[in-house]
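Engineer: There's a structure below that I have some questions on.
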Amino acid sequence: MSVINYSPVSKPFLMTGVILSFIGTTIGSIWMISFFGISMPEQLTSIFQTHRILQLNGFVTLMIMGIGYMIIPRMRNQLTPSGKLAKISYLFVICSIGVDFVGSIISDDYSKIATTLRLIGVSIFGGLMFYMLRIVPKLLRESDYFIAISITLLIASQLVSLFDVQQNTLIQKQMWLFFPILMIFAIEYKTLPSFLGFIRPKRKLVTTSIILAVLSGIMGIVGTIIPYMLLDIAFNLGMICTVLCFALSLYIFGGFDNTEILKLISGEKKKRYHTIILHTRIAFGFLLAGLLLGTLHAANLSVFATYDLTIHYIAIGFIGVTIMLYLPIMIPPILEKSIRFLDFNHIPLTLVLAALAIRTIGDVILSSSFNEQFGVIFGISGFIILAGMFLFVRMIHRAMKNTNSELSLV
């Protein structure tokens with residue numbers, strides 16, 4: 001692969017996404033404590049609403065757009081067709097976040113303006129990416145279908161938000177998380193075969209996964225507009241089947257003999273290999289658990305625990321853990337510095353898992369009856385996530401080595 005610098009386009013998206021994630025997590029952590037009996041000043045309640053804006057509209061959207069601007073051209077060894085249009089799409093999304101943020105702070109509804117700005121931004125992104133998809137890759141073309149479905153659902157979700165309809169809140173958030181899930185599938189389908197050492201995924205299963213993703217996306221869009229229990233259940237079950245078929249096609253939970261591979265690799269390569277397997281299996285475990293809880297919530301088990309854990313198992317357990325895996329792999333071509341996996345430890349991941357475990361216990365207690373005297377203990381999960389994020393960034397910084405070589409994802 002020739003040396004092409006993809007970083008100018010993707011770098012502001014990724015950097016801003018990470019910054020917004022820290023701010024959003026801090027706000028969410030304080031908000032979480034308020035659920036467990038700690039009184040907060042009334043002025044803070046409006047700020048709490050910005051947690052969703054910063055995490056979903058900000059972190060998730062910007063990170064996936066940044067990854068898309070980097071990976072999709074890279075899969076074709078091409079530059080993004082227009083760096084200027086990419087920057088314009090960034091500015092529109094940033095402006096939408098700013099408008100949403102101000103509207104929440106002053107308790108005024110600017111959501112239509114923010115959604116319109118965001119729709120323009122993601123439409124520019126979608127147009128550029130669809131233009132790139134016309135170039136057929138030599139291998140593993142199925143990844144393009146996941147990309148196409150992902151971008152289509154992102155744009156469709158923004159369009160639906162413009163209409164004055166009574167939207168199903170959980171399905172709406174799940175749909176917002178569905179597009180990064182599918183974009184992650186596209187990247188993993190393209191990279192895991194070489195990372196894990198097997199030649200080809202199971203194509204029949206991945207084709208089934210693509211078809212189920214389309215059907216689930218249609219049911220999700222309709223479900224955000226029409227509140228119908230059976231449709232919500234079908235959407236979640238469709239997503240579960242989509243994930244299962246994809247995981248089986250890529251041997252996420254095993255099914256191939258890697259004995260010879262492990263004998264041939266050592267040191268840095270072996271550490272990276274085990275890190276990829278560990279993070280991938282944990283991430284998919286949380287994704288399936290989140291979708292199962294979403295199914296239970298749709299089946300009229302509408303308690304706070306199923307609602308909250310559905311969102312956070314997917315957002316933190318799957319998307320967050322996957323980003324923890326891929327961010328160190330994406331940084332070398334962006335910053336022109338290599339990262340040694342041998343310098344990694346599992347402390348950040350352990351803190352994230354501990355936080356999700358504490359949140360699970362706290363949500364279950366909150367959904368029933370609880371003693372406020374001890375409830376605050378379960379409200380600290382957000383701060384544990386925050387500590388894990390800081391340690392993760394510090395770990396990456398310490399593992400960086402200056403280099404002029406290019407490390408390739410694909």
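Engineer: Being under 20 Å from THR152 (Cα atoms), hydroxyl-bearing (Ser, Thr, Tyr) and modelled with pLDDT of 85 or more: is that true of THR115 here?
Structural biologist: On the way: under 20 Å from THR152 (Cα atoms): yes; hydroxyl-bearing (Ser, Thr, Tyr): yes; modelled with pLDDT of 85 or more: yes.
The answer is yes for THR115.
A quick yes/no check of all residues on (1) under 21 Å from the mean Cα position of the chain (by Cα); (2) under 23 Å from PHE390 (Cβ atoms); (3) at pLDDT 85 or above:
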site: THR26; (1), (2), (3): yes, yes, yes
site: THR45; (1), (2), (3): no, no, no
site: GLN49; (1), (2), (3): yes, no, no
site: GLY68; (1), (2), (3): yes, no, yes
site: MET75; (1), (2), (3): yes, no, no
site: GLN78; (1), (2), (3): no, no, no
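Engineer: Right, something else. Look through LYS204, LYS138 and report the one residue that is more than 19 Å from the chain's Cα centre (by Cα), of a type in the set (D, E, K, R) and outside any helix (DSSP H, G or I). Give the steps one after another, and end with the answer.
Structural biologist: Numbers: LYS204 fails: outside any helix (DSSP H, G or I).
Of the residues listed, the single one that is more than 19 Å from the chain's Cα centre (by Cα), of a type in the set (D, E, K, R) and outside any helix (DSSP H, G or I) is LYS138.
Engineer: So for segment 141-162 (the condition being crowded, with 17+ Cβ neighbours inside 10 Å, touching a helix residue (DSSP H, G or I) at 6+ places or on another chain (Cβ under 7 Å) and not in a helix (DSSP H, G or I)), does at least one residue qualify?
Structural biologist: So far as segment 141-162 goes, no, none of its residues is crowded, with 17+ Cβ neighbours inside 10 Å, touching a helix residue (DSSP H, G or I) at 6+ places or on another chain (Cβ under 7 Å) and not in a helix (DSSP H, G or I).
Engineer: While we're looking at this one, here's another question. Of all residues being more than 15 Å from LEU177 (Cβ to Cβ) and not basic (Lys, Arg) in segment 139-150, which is modelled with the lowest pLDDT? Just the residue, please. Talk me through it step by step, then tell me what you get.
Structural biologist: So the first thing to find is which residues in segment 139-150 are more than 15 Å from LEU177 (Cβ to Cβ), and the list is 139-145, 147-148.
After this cut, where a residue has to be not basic (Lys, Arg) as well, the list is 139-140, 142-145, 147-148.
Values: LEU139: 75, LEU140: 80, GLU142: 88, SER143: 90, ASP144: 91, TYR145: 93, ILE147: 93, ALA148: 94.
The qualifying residue modelled with the lowest pLDDT is LEU139.
Engineer: Pick from ALA247, ALA305, ALA289: which is in contact with a helix residue (DSSP H, G or I) (Cβ under 6 Å, 6 or more places away or on another chain), closer than 27 Å to ALA387 by Cα and at pLDDT 90 or above?
Structural biologist: Testing whether each residue is in contact with a helix residue (DSSP H, G or I) (Cβ under 6 Å, 6 or more places away or on another chain), closer than 27 Å to ALA387 by Cα and at pLDDT 90 or above leaves just ALA289.
Engineer: What pairs come up if the first residue lies in segment 8-30 and is in contact (Cβ under 8 Å) with a residue 24 or more places away in the chain and under 12 Å from TYR69 (Cβ atoms), the second is surrounded by 19 or more Cβ atoms within 10 Å (Cβ to Cβ) and hydroxyl-bearing (Ser, Thr, Tyr), and their beta carbons are under 7 Å apart, counting only those six or more places apart or on different chains?
Structural biologist: VAL9/TYR69; VAL9/THR80; SER10/TYR69; PRO12/TYR90; PHE13/TYR69; PHE13/TYR90
Engineer: Here's another thing I want to ask about it. Would you pick out the residues in segment 287-312 that are more than 14 Å from GLN174 (Cα to Cα) and touching a residue at least 40 places away in the same chain (Cβ under 8 Å)?
Structural biologist: Result: ALA299, ASN300, VAL303, PHE304, ALA305.
Engineer: Continuing with the same structure: Just to check your reading of the model, which residue among GLY66, GLY98, GLY126 is more than 20 Å from ALA186 (Cβ to Cβ) and not hydrophobic (A, V, I, L, M, F, W, C)?
Structural biologist: GLY98
Engineer: Something else: Within segment 80-114, how many residues turn out to be closer than 21 Å to SER161 by Cα and under 22 Å from the mean Cα position of the chain (by Cα)?
Structural biologist: Qualifying residue count, segment 80-114: 13.
Engineer: While we're looking at this one, here's another question. Quick one: in segment 357-382, of everything that is assigned to a helix (DSSP H, G or I) and farther than 18 Å from LEU309 by Cβ, which residue is modelled with the highest pLDDT?
Structural biologist: VAL376
The values are calculated or read from the model by the stated rules, or taken from the named source; none is laboratory data. Source: prediction; values computed, not measured. We place every Cβ from the backbone using ideal geometry, glycine too, and count neighbours over all the protein chains shown.
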